[in-house]
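Below is one structure, written out as structure tokens; comments come after it.
The values are calculated or read from the model by the stated rules, or taken from the named source; none is laboratory data. Everything numeric here is computed off the predicted structure, so don't read it as measured data. Positions of Cβ are backbone-derived with ideal geometry, glycine not excepted, and every protein chain shown enters the neighbour counts. Heavy atoms of the whole protein, side chains included, go into the accessibility calculation; ligands, DNA and RNA do not. Shrake-Rupley method; radii C 1.70, N 1.55, O 1.52, S 1.80 Å.
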Amino acid sequence: MTRRAGSAAAALALACALAGAAGACAAQAGDKPPSTFGPVIGSALLCRDQLDNRYFYSWLKTAFGPPYKHEGGAYWFRTGEASLWGAPVTEVMVSDDTSELVFVAAVAEVPPDQLEQSIRTASGIRHLAADGSAYPLRVSNPGSTIAYYNTKSKIYCAKFKPLPPRP
């Protein structure tokens, strides 16, 4: 699924380049997310896909233009009017190469309990509270995590980088 979505993003980039308006296309794409946003980014956030930070960086840059900041071991992209599982998503982050983890994360404009309910309704995946604290992390069986981010949510999938092949 990821490769097909990547082909659509590549086709958009090629069309913009041929038109000589790559900057305009990226800005336009930032207002409205590509139709593949849910399958590509949503699947990655739910840990249903392989995590390759270079692929996701390239995909996000093609879809939304260059990242607006680079901090905390991640590139941050604004996503315009994007939504996942019916919840508005304002930012997506992808790890750089400074961490031992590869991750994709997103900020949703709803509290964690509401995001969890939306994901469960849309995909059947449950995120259970990790403990009984007032602000627990919510973790799914595939490994995605929903965390409190002030009054919003941050959802992410993080995995250790694969080991290099043996000689």
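Tabulated data
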quantity	calculated
Selected residue [over 15 Å from K159 (Cβ atoms) and surrounded by 15 or more Cβ atoms within 10 Å (Cβ to Cβ)] from S99, S118	S118
In the range 74-88, the residues that are polar (S, T, N, Q) and part of a loop (DSSP other than H, G, I, E, B)	T79
Residues within the range 123-132 that are open to solvent by 70 Å² or more (accessible area, probe 1.4 Å) and closer than 13 Å to G42 by Cβ, tallied	0
Scope the range 133-155; condition open to solvent by less than 20 Å² (accessible area, probe 1.4 Å) and either over 24 Å from T79 (Cβ atoms) or part of a helix (DSSP H, G or I) (or both); matching residues	P136
Test for T62: is it modelled with pLDDT of 90 or more, polar (S, T, N, Q) and assigned to a strand (DSSP E or B)	no
Residue that is modelled with the lowest pLDDT, among those in the range 31-59 that are outside any helix (DSSP H, G or I) and surrounded by fewer than 16 Cβ atoms within 10 Å (Cβ to Cβ)	K32
